[in-house]
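Read the structure below first, then the notes.
What follows is calculated from the coordinates using simple rules that are stated; it is not laboratory data. In this text, all values refer to a predicted model and were calculated from it rather than measured experimentally. Cβ atoms come from the backbone with ideal geometry, glycine included; neighbour counts cover every protein chain shown.
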Amino acid sequence: MVTCAVPGCNSSKKENPQKYTFHIFPKSIDVRQKWLKMVDRKDWVPKRNSTICSKHFESKCFPYRGSQRKKLCSGSVPTLFMPVVLKPIRKASTYIYRNISPVPCTSADVP
């Protein structure tokens, strides 16, 4: 069965009321690496028939506007509804993220 390789996407050719089209991973190594980076599946290697559905591509990626989404433009990369992985840059105190205005110190406050 043809399904979308994007994690969390349940699109398949069998149950496809939105009429999404399915696009196999490109043979071009550069573009293929971009697709893999966007899919972000750890230790996953796409098979010969692995696909991504058309809902993950902007309309400008298709040469035919409207309902004909059969073929992708060369070099298109999926960017819509992709999994988001937020990686912390560093652990920091929550005080950094609070919107607290500093209270000015007066001479009366100093003992």
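If each of Ser74 and Asn10 carries a label point 7 Å out from its Cα toward its Cβ, how far apart are those two points in nm?
3.9
Residues with amide H under 5 Å of Phe25's amide H, sequence separation 5 or more or different chain, H placed in the peptide plane at 1.01 Å from N; which?
Ser50
Using all alpha carbons of the range 1-65, what is the percent of pairwise distances in each 5 Å bin, ordered from the shortest bin to the longest?
Going out from 0 Å in 5 Å bins, the range 1-65 shows 3, 16, 27, 27, 18, 7, 1, 0 percent.
Using packing as a proxy for protection, rank 43-52, 70-79, 3-12 so that the peptide with the highest average count of other Cβ atoms within 10 Å comes first. Intermediate results must be reported in sequence, preceding the final value.
Working: 43-52: 12.9, 70-79: 14.7, 3-12: 16.8.
Highest mean packing first, the order is 3-12, 70-79, 43-52.
May I ask you to derive the FRET efficiency for Met1 and Lys55 from their Cβ-Cβ distance with R0 = 22 Å, giving the value to the nearest 0.05?
0.80
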